[in-house]
Amino acid sequence: MKFNSEKIANGMASLAGNRYFTAIRDGMSVIIPVSIVSSFFTLVAQLPTLIPALKPALTPYLADLTIPVTFSIGLMALFSCYAIAASLAKTYKLDRNSTSTIATMVFLLLAIKPGTITPQMAKTTGIAAGTVFPAQNFGAYGLFTAMVVAILSVEVIRFFKKHNLVIKMPDVIPPAVLNAFTSLIPAAVLIIVAWFIRVGLNFDFNAFLMQLLSPLAYFGKDNLISVLVPIFFNSLFWMFGIHGAITSTPVVPYWYAHLNANMAAIAHGATAATVPHFMTEQFLQFFVYIGGSGSILALCILLAFMSKSKTGKAMGAVVLVPSIFNINEPIIFGLPIVLNPYFAVPFILAPMADGIITWAATVMGLLNKTTSMVPWPLPAPIGAFLATGYDWRAIIVTLINIAVSALIYFPFFKMWDKHQVKIEAETAAEEAQAAKA
Amino acid sequence: MKILLSCSGGMSSSLIATGLEKEGKKRGQDVIVKATGTENVADDLSADQYDVVLLAPQAVYRKQAVADEAKDHNIKFVMIPRTMYNPLAAGKLLDLVNEELKK
């Protein structure tokens, strides 16, 4: 059987390029800025780890400091539903605002069950009488429903528009008003159906979906498999030159649920050492994908400082700085890593080794867990230090991981470099020959 | 020449953009490059007038969508070959863009 890399790459590209996957990824990215900013409040809550004298002053404010977290990661399903629907609506050229609003309402109908606080209850709970919404499904626990609902709602609206099942209005009506009316029939259908499922049938769609996807949860749990499987697929996709992050889309909700639980624990006085979960996106970002996917900073360092070939030296000079800030495309396509037999093995093995080391350090209690979401372009030791609530051991672990990755890359780098030196010598000889003739 | 250069998030493309602009300066060619993420291509094209849209190889899964956007705005679309997506290959990439624009 002939190995057809182009065909495989195209197959992977179409998988990654699936309209829904892309809409989910783009949509979920809207919560990144608000989550990062809110995480700084958790970092403040953990300042006593760094400066113990601050503890008495900060302790009374722990719960207040997590309020922004509640309204960012805690509401991520709500934000994501709106944004995923908007992304998808954009690809179909539907009106983004009305489509997203309808999708969000359908999500609320299916995932959130309002409760009532009676005046008697108000006295005991201290919450004002009236309607209340339980918070849990607004966050990571409602994320799957948000994804499914966003996609289904947009598809239904598109179906109605395509078959012209819309209320016609004269052209003189302003477009914004017109859009509201075009969506009226599909909105009615979606809302009535969602209401009937939730209230008429008393069917808990969110719980059903969680149950249905529970096998997937295995890869989102706090175990070694959930560390290694995403790394493997991420590296594999990059090997073919396709952005690997997309492969994690199905387990990302679990990582967020973990981070959210950790942040909530901090609010109740836990420390980054005692919070429940280690498996988060931050764990992979700062301990495994050091310098970008493939733990590639190690190779950039080797190129910059140990190359004998001209190509290696020139490449090292260009890729080192971007890689310190976790941007790996210059080396992935420059060296290249893509479809390069020299680097296929270490590109997969090095990040996996880092994953195992960090996992081991965490389960042995030598390393704090991640409790804040910090911006991904931060250099790994700094990012790891902040994400773990100022754990200096995180810096040591990232440095160990860089060293281990360098060891894994080294023999392959040597072979490649030797090969480059040979090519360069041959080219030089040919040119000299040509110059003589 | 005004180029819109899109990668997945707009980070790595900003490195390539700087490379292209430098290469243009070296040749005395007026090259302006804006780096962007794939989800913003449509908005960027509507907001400003470009001569060509380039797409980074790791975002190949967005090829059809970005090519369609370019077509809607009646401008050229170029998929960057894998070997040209690094700051050292800016010269080759600019050659390719110039050639495509002549077609």
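The values are calculated or read from the model by the stated rules, or taken from the named source; none is laboratory data. Quantities reported herein were computed from a predicted structural model and do not represent experimental measurements. Every residue, glycine among them, receives a Cβ derived from its backbone with ideal geometry; neighbour counts consider all protein chains shown. In case anyone asks, the SASA skips ligands and DNA or RNA and just uses the protein heavy atoms, side chains included. Shrake-Rupley method; radii C 1.70, N 1.55, O 1.52, S 1.80 Å.
In square nanometres and to one decimal, what's the mean projected area of the convex hull around the Cα atoms of segment A:236-363? It would help to have the intermediate numbers written out before the result.
On the way: hull surface 34.2 nm².
One quarter of the hull surface, i.e. the mean projection, equals 8.6 nm².
Choose one answer from A:Lys123, A:Lys93, A:Lys113: the residue with the largest mean-square fluctuation in a GNM of chain A with alpha-carbon springs under 10 Å.
A:Lys123
Apply the Debye scattering formula to chain B, with a single equal point scatterer on each alpha-carbon and no solvent, then give log10 I(q)/I(0) at q = 0.11, 0.12, 0.14 Å⁻¹.
-0.27, -0.32, -0.44
Over segment A:267-379, average the accessible area per residue using a 1.4 Å probe and give it in Å², no decimals. Can you show the working numbers first?
Numbers: 3760 Å² over 113 residues.
Result: 33 Å² of accessible area for each residue.
To the nearest 0.05, what FRET efficiency results for B:Glu100 and B:Gln64 with a Förster distance of 22 Å applied to their C-beta separation?
Numbers: r = 18 Å, r/R0 = 0.82.
Computed FRET efficiency for B:Glu100 and B:Gln64: 0.75.
Output the Kirkwood hydrodynamic radius of segment A:199-283, Cα pairs only, in Å rounded to one decimal.
Result for segment A:199-283 stands at 14.6 Å.
How far apart, in nm, are two points set 7 Å out from the Cα along the Cα-to-Cβ line at A:Leu15 and at A:Val193?
That separation, rounded to one decimal, is 3.0 nm.
Pairing the Cα long axis of helix A:143-162 with the longest principal axis of chain A, what angle in degrees results, from 0 to 90 and rounded to the nearest 10?
70 degrees
Total Å² of accessible surface buried at the A-B contact, 1.4 Å probe, nearest 100? Before the final figure, lay out each step's value.
On the way: alone 21150 and 5770 Å², together 24900 Å².
When A and B are taken together, about 2000 Å² of accessible area is lost.
Under the rule of -39500 (n - 2.57) per DSSP H run of 4 or more residues, summed and divided by the residues of the protein assembly as shown, what mean residue ellipticity at 222 nm is obtained, to the nearest 500 deg cm²/dmol? Write down the numbers at each step before the final one.
Values: 27 runs with 326 residues, N = 540.
The helix-only estimate for the protein assembly as shown comes to -19000 deg cm²/dmol at 222 nm.
By its C-alpha gyration tensor, with a ≥ b ≥ c as the square roots of the eigenvalues, how is segment A:1-78 shaped: rounded for a/c under 1.5, else prolate for a/b larger than b/c, else oblate?
Numbers: a/c = 6.65, a/b = 2.67, b/c = 2.49.
Verdict is prolate for segment A:1-78.
Please report, as a whole percent, how much of the solvent-accessible surface of segment A:239-355 comes from carbon and sulfur atoms (probe radius 1.4 Å). Display every interim value, and only then the final one.
Working: 2380 of 3330 Å².
After summing per-atom areas, the C and S share lands at 72 percent.
Compute the signed sum of charges (Lys and Arg +1, Asp and Glu -1) over the other residues within less than 12 Å, Cβ to Cβ, of A:Tyr254. Walk me through the intermediate numbers first.
On the way: positive: A:Lys221; negative: A:Asp222, A:Glu281.
Neighbourhood net charge equals -1.
To make sure I understand the rule: partners must be lysines, Cα under 24 Å from the Cα of A:Lys310, and not fewer than 8 residues away in the same chain. Which ones qualify?
Counting by Cα, and skipping residues close in sequence, A:Lys310 has these lysines nearby: A:Lys414, A:Lys418, A:Lys422, A:Lys436, B:Lys22, B:Lys26, B:Lys92.
Across 10 Å bins from 0, what is the distribution of all Cα-Cα pair distances for segment B:33-93, in whole percents?
For segment B:33-93, the binned pair fractions read 22, 56, 22, 0 percent.
Provide, as a two-decimal number, the C-alpha radius of gyration of segment A:299-416 over 2.2 N^0.38 Å, N being how many residues it has. Intermediate results must be reported in sequence, preceding the final value.
Working: Rg = 15.1 Å, N = 118, 2.2 N^0.38 = 13.5 Å.
In units of the 2.2 N^0.38 Å rule of thumb, it is 1.12.
Report the calculated FRET efficiency for A:Leu224 and A:Glu426 (r = Cβ-Cβ distance, R0 = 45 Å), to the nearest 0.05. If you can, show how the numbers build up before the last one.
Values: r = 46 Å, r/R0 = 1.02.
Efficiency for this residue pair is about 0.45.
Between Rg and the Kirkwood Rh of segment A:143-214, both from Cα atoms, what is the Rg to Rh ratio? List each step's numbers first, then the result.
Numbers: Rg = 15.3 Å, Rh = 13.9 Å.
Ratio of gyration radius to Kirkwood radius: 1.10.
On alpha carbon coordinates alone, what is the Rg over Rh value for the protein assembly as shown, Rh being the Kirkwood radius? All intermediate terms of the calculation are to be shown ahead of the outcome.
Numbers: Rg = 25.9 Å, Rh = 25.6 Å.
Result: Rg/Rh = 1.01.
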